[in-house]
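Engineer: First the structure, then my questions, so here it is.
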Amino acid sequence: MNQTSGGPRTPEDGYELWLRYEPVAPGPRLNEYRAAFAQVVLEPASPTLRAAHDELALALSRMLGAPLPPATHIERDGTLVIGMPASLPQLAAFDLRHDLSAVGDEGYVIRRQHVQGKDCTAIAANTDRGVLYGMFHFLRQLQTRQPVHNLNIISAPRIKYRMLNHWDNLDRTVERGYAGFSLWDWHKLPDYLSPRYTDYARANASIGINGTVLTNVNANALILTKQYLVKAAALADIFRPYGLRVFLTARFSAPIEIGGLTTADPLDPAVIAWWQAKAAEIYAHIPDFGGFVVKANSEGQPGPHDYDRSHAEGANLLADALAPYGGVVIWRAFVYDENVPDDRAKQAYDDLVPQDGRFRPNALLQVKNGPVDFQPREPYHPMFGAMPHTPLMLELQLTQEYLGCATHLVYLAPLFKETLDADTGCAGPGSLVAHVIDGSLDGHTLSGMAGVSNIGCERNWCGHPFAAANWFAFGRLAWDHRETSGRIAEDWLRMTFSPDERFVTAARDMMLESREAVVNYMTPLGLHHIMAYDHHYGPGPWVDGGRADWTSVYYHRADADGIGFDRTPGGSDAVSQYCSPYRELVADLDTCPEALLLWFHHVPWQHVMKSGRTLWDELCHKYNEGVASVRQMQRTWESLAGHVDEARFEHVRALLRIQEQEARWWRDACLLYFQTFSKLPIPAEYEQPDKPLSYYRDLKHYYVPGIRERRFG
Ligand code: BDP
């Protein structure tokens, strides 16, 4: 644990994430907290309330120097009263009934108030889960050193299913994982229960995440066998007190692979019966099982199309099996097929939008933020707004598959917000993606947000010391998408590193700049999917041959005339999938935001940009700007030595050095490659590549982490 101020800081390994509970330095703030919180009334009458109790004791003994003495009723100033009014009569004096009636079963009220002549604070909710969430919010106030004299917080989540998706395989490899092997030690489960499972649940509860999909979307049917269900059930038992429900991925062909049937046709009575029995078996092991997540008919996965059935028919098969138990099916919309000749960006929409209204009430469709695949920048997915009769979930990727893998500092909240705040216009102005997915636009009660996890077994959970910020930001935005990227970054920095204002301000600015930096040095101006083949580590704009929609040339389409994918009506016409006025805005070369120009248009090299530069010069400018931003991040970090313990400081410093090298690698490789088409010089004012294009093309990288499991069969 850190010391409070002055002197070198004790080395930290990052294990405690944002739950370090750094001691409050002696001074007015500590005095204020000690006066405000002097004893606690909390009946640990359920496992969840016990968890809240234990967390509070841990946190306050660290932050304030001692745990609060327990009390049974309000007997003095500084009494903290925590619980549900239905079971804790001491809360009656606060009269929270009205506010609690509006926060549902996960929200809470935190209020400082004079009751019975004493200065007290209540943390109250309708359920014990709400109490736990409220307690974590309360602790955050202290961790971020907020004043507490006016505490009056009413909060409820805007999204119902706030989930992590682990792309974890049963052999413990993690598809697109850059933080070591899977947390789930399937081999030793259920007999050995790592303490990390509890700490994982604590961290999720602290940011309101209430669901976890344990297994990869490229699913292995074995997870649905008894042998593995008992293991998953052991995890569910640990997670339950923290309000975290377990979900599993369902392989559509499971009835054949583990059920001995000859078909997985969703309309076949034997298949229907098999899934019904399977659901009953799962619920016998995991009574609060959340449901299935399914990737079907995409990238080689089996699905209903194999039997000439629709996605809705496939989803409904599983939805019906889960319905008696209150489970949901989350059907992924990431579907595209190399045999469909049309633009990959259009395929999910074309396949799924016509099925709007055909899904069961307990089915959700999970849609990635953009229409291709988690690129540094994409326009929002046109399915948002196009399926008013179906609850759409937003799927974001926390793990940095296309964003520098293990080593780049990229704070993703600005990317997430860009999608959430996008106005689809589909139900008039102000039809934000956020309103589509929180259900408010079309009156859905089911709503969800999923983040593809960046967590592994590395000691600090996410690998890069800054990567946990993306887990944190995801949870905060899933709870309330109106929060700002800057505010979330500040909280995370204060809790993770130091509450010192100078540190927080500088490091926040560095984080906020990091996303645009990576866009600029990898894929500026709307370029996309030009990473190296398969592992996606490093640049590969020359990738050609094989499956066309997995090549780079498919996406950038550079030629002697220009560069970019023409998605206007004269090209693939993907623009027509958007509602007006966005459709017209992006379809017109003159009004299309330059940040997405080459996503929607094939643009001549000599086209004059808003800056007055030609497209080619602008490309050179952007790539250099990206490198310059990383160098600025390095300078900022250097200036913060002393604010962070040496172990974590040096770790980040080394990774920033790698990031700077790789930003140059990206810039030089891409500019040299695109130059073979533009035939134009890199303006002399910029650094010139010091190696030929052939050098970059010949680079080979073996054993990049995160490559998908090569399964038997
Ligand atoms: C892509 C990944 C692939 C995933 C796929 C998916 O490259 O490993 O299986 O998405 O989301 O980003 O299904």
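The values are calculated or read from the model by the stated rules, or taken from the named source; none is laboratory data. Computed from a predicted structure; not experimentally measured. Here the Cβ is made from the backbone with ideal geometry for all residues, glycine too, and neighbour counts use every protein chain on show. Please note that ligands, DNA and RNA were not included when accessible areas were found on the heavy atoms of the full protein model with its side chains. Shrake-Rupley method; radii C 1.70, N 1.55, O 1.52, S 1.80 Å.
Engineer: Considering only the chain, what is the antiparallel percent among its DSSP beta bridges, to the nearest 5? Walk me through the numbers before you get to the answer.
Structural biologist: Values: 17 of 59 bridges.
Taking every DSSP beta bridge within the chain, about 30 percent pair in antiparallel fashion.
Engineer: Also: Find the all-direction average of the projected area of the Cα convex hull for the range 416-530, expressing the result in square nanometres with one decimal place.
Structural biologist: 9.4
Engineer: Hey, another quick one. Would you mind getting me the FRET efficiency between Arg76 and Thr636? Use the beta-carbon distance for r and R0 = 56 Å, nearest 0.05. If you can, show how the numbers build up before the last one.
Structural biologist: Details: r = 47 Å, r/R0 = 0.83.
Efficiency at R0 = 56 Å is approximately 0.75.
Engineer: Compute the angle between helix 468-479 and the longest alpha-carbon principal axis of the chain, please, reported from 0 to 90 degrees and rounded to the nearest 10.
Structural biologist: 70
Engineer: Continuing with this model, one more query. Express in nm, to one decimal, how much length is gained between Tyr192 and Arg358 on full extension, taking 0.36 nm for each residue of separation and deducting their alpha carbon distance.
Structural biologist: Net length gain for the segment: 55.4 nm.
Engineer: Additional query: Along each of the three principal axes of the Cα atoms of the range 212-364, give the extent in whole Å, ordering the values from largest to smallest.
Structural biologist: Rounded to whole Å, the extents work out to 47, 34, 26 Å.
Engineer: If I take R0 = 60 Å and measure r between the Cβ atoms of Asp185 and Leu589 in this structure, what FRET efficiency does the formula 1/(1 + (r/R0)^6) give, to the nearest 0.05?
Structural biologist: The formula returns an efficiency of 0.65 here.
Engineer: Oh, and also: Working only with C-alpha atoms, what are the Rg and Dmax values of the range 1-90, expressed in angstrom?
Structural biologist: Spelled out, the Cα radius of gyration and Dmax of the range 1-90 are 15.2, 49 Å.
Engineer: Considering amide H positions built from the backbone, and no H for Pro or chain starts, which residues 5 or more places from Tyr161, or on another chain, come under 5 Å of its amide H?
Structural biologist: Amide H to amide H, under 5 Å and 5 or more residues apart or across chains, Tyr161 pairs with Ser447, Gly448, Met449.
Engineer: What number, in nm² with one decimal, is the all-direction average of the projected area of the convex hull of the alpha-carbon atoms of the range 58-120?
Structural biologist: On the way: hull surface 19.8 nm².
Across all orientations, the range 58-120 yields a mean hull projection of 5.0 nm².
Engineer: So what's the angle, to the nearest 10 degrees on a 0 to 90 scale, between helix 226-239 and the longest Cα principal axis of the chain?
Structural biologist: Compared with the principal axis, the helix lies near 60 degrees.
Engineer: Expressed in nm to one decimal, what extension gain is obtained for the pair Asp698 and Ala647 from 0.36 nm per residue of sequence separation less their Cα-Cα distance?
Structural biologist: 14.8 nm
Engineer: For the range 113-124, just list the computed ³J(HN,Hα) in residue order, Karplus coefficients 6.51, -1.76 and 1.60, θ = phi - 60°, integers in Hz, with x standing in for Gly and Pro.
Structural biologist: Once θ is set to phi - 60°, the couplings for the range 113-124 become 7, 7, 10, 6, x, 10, 8, 10, 10, 10, 10, 10 Hz.
Engineer: Ok, one more. Which of the cysteines found in the chain have nothing to pair with, since no other Cys Cβ lies under 4.7 Å from theirs?
Structural biologist: Cys120, Cys405, Cys457, Cys462, Cys592, Cys620, Cys670
Engineer: Then there is this: Counting heavy atoms of the protein chains only and a 1.4 Å probe, report the per residue accessible area for the range 389-500 as a whole number of Å².
Structural biologist: That works out to 23 Å² for each residue.
Engineer: Report the Stokes-Einstein translational diffusion coefficient (µm² s⁻¹, integer) for the range 356-491, Rh taken as the Kirkwood radius over Cα pairs, at 20 °C with viscosity 1.002 mPa s.
Structural biologist: 139
Engineer: Follow-up question, since we're still on this one. Please give me the summed charge of the neighbours of Phe600: other residues whose Cβ is under 13 Å from its Cβ, Lys and Arg +1, Asp and Glu -1.
Structural biologist: Summing Lys and Arg as +1 and Asp and Glu as -1 gives -3.
Engineer: If contacts are Cα pairs under 8 angstrom and at least 6 residues apart, what is the relative contact order of the range 408-558 in percent?
Structural biologist: 18
Engineer: Inverting the mean 1/r over all pairs of different Cα atoms, compute the Kirkwood radius of the range 345-425 and quote it in Å.
Structural biologist: After inverting the mean inverse Cα-Cα distance, the result is 13.7 Å.
Engineer: Rounded to the nearest Å, what's the spacing between the alpha carbon centres of the range 427-496 and the range 658-699? Just the number, please.
Structural biologist: 35
Engineer: Determine the distance separating the Cα centre of the range 221-276 from the Cα centre of the range 3-68; give it in Å without decimals.
Structural biologist: About 41 Å separates the Cα centre of the range 221-276 from the one of the range 3-68.
Engineer: Over the range 390-465, what number does the Rg to Rh ratio reach, with both radii from the alpha-carbon atoms and Rh per Kirkwood? Let's see the in-between values first.
Structural biologist: Values: Rg = 15.4 Å, Rh = 14.1 Å.
With Rg and the Kirkwood Rh in hand, the quotient comes to 1.09.
Engineer: If you wrap a convex hull around the Cα atoms of the range 595-713, how much volume per residue is inside, in Å³?
Structural biologist: Working: hull volume 24.0 nm³, N = 119.
Value for the range 595-713: 202 Å³ per residue.
Engineer: Can you give the calculated 222 nm mean residue ellipticity of the chain, where each DSSP H run of n ≥ 4 adds -39,500 (n - 2.57) and the sum is split over every residue, rounded to the nearest 500 deg cm²/dmol?
Structural biologist: That comes out to -11000 deg cm²/dmol.
Engineer: How tilted is helix 485-496 with respect to the longest principal axis of the chain? Cα atoms for both, answer in degrees (0 to 90, nearest 10).
Structural biologist: 60
Engineer: Mind listing the phi-derived Karplus ³J(HN,Hα) values for the range 583-600, rounded to whole Hz, using 6.51, -1.76 and 1.60 with θ = phi - 60°, and x for any glycine or proline?
Structural biologist: 3, 5, 4, 7, 6, 8, 3, 6, 9, 4, x, 4, 4, 10, 4, 7, 6, 9
Engineer: If you don't mind, another one. Quick check for you: which residues of the range 210-228 have the amide N under 19 Å from the point 7 Å beyond the Cα of Asp171 toward its beta carbon?
Structural biologist: The answer is 215-225, 228, whose backbone nitrogens lie closer than 19 Å to the label point.
Engineer: Still on this structure, I have one more. Over 52 Å, how big is the tail of the calculated P(r) for the chain, in percent of all Cα pairs?
Structural biologist: Distances greater than 52 Å cover 11 percent of the Cα pairs.
Engineer: Can you tell me the length gained on complete extension of the stretch Leu680 to Asp534, counting 0.36 nm per residue apart and subtracting the Cα distance?
Structural biologist: The span from Leu680 to Asp534 would gain 49.5 nm if fully extended.
Engineer: Near the amide H of Leu364, under 5 Å away, which other amide H atoms are found, from residues 5 or more places off or on another chain, if H is placed in the peptide plane?
Structural biologist: Val329, Ile330, Trp331
Engineer: While we're here: Please list, ordered by chain and number, the residues whose modelled amide H lies under 5 Å from the amide H of Val40; skip anything fewer than 5 residues away on the same chain.
Structural biologist: Ala71, Leu80
Engineer: While we're on this one: Would you work out the relative contact order for the chain, in percent, from Cα pairs under 8 angstrom that are 6 or more residues apart? Each step should come with its number before you reach the end.
Structural biologist: Working: 1446 pairs, mean separation 87.7, N = 713.
Once divided by the residue count of the chain, the mean separation gives 12 percent.
Engineer: Still on this structure, please answer the following. From the backbone phi of the range 649-657, what are the Karplus-calculated ³J(HN,Hα) couplings (6.51 cos²θ - 1.76 cosθ + 1.60, θ = phi - 60°) in whole Hz, Gly and Pro given as x?
Structural biologist: Once θ is set to phi - 60°, the couplings for the range 649-657 become 4, 5, 4, 5, 4, 5, 5, 5, 5 Hz.
Engineer: Using only the alpha carbon atoms of the range 502-637, find the Kirkwood hydrodynamic radius as the inverse mean reciprocal pair distance, in angstroms to one decimal.
Structural biologist: Result for the range 502-637 stands at 16.2 Å.
Engineer: In square nanometres, what is the average projected area of the Cα convex hull of the range 305-388?
Structural biologist: About 6.2 nm², averaged over all directions.
Engineer: With every protein chain present, what is the per residue accessible area of the range 212-346 (1.4 Å probe, Å²)?
Structural biologist: Ligands and nucleic acids excluded, the result is 31 Å² per residue.
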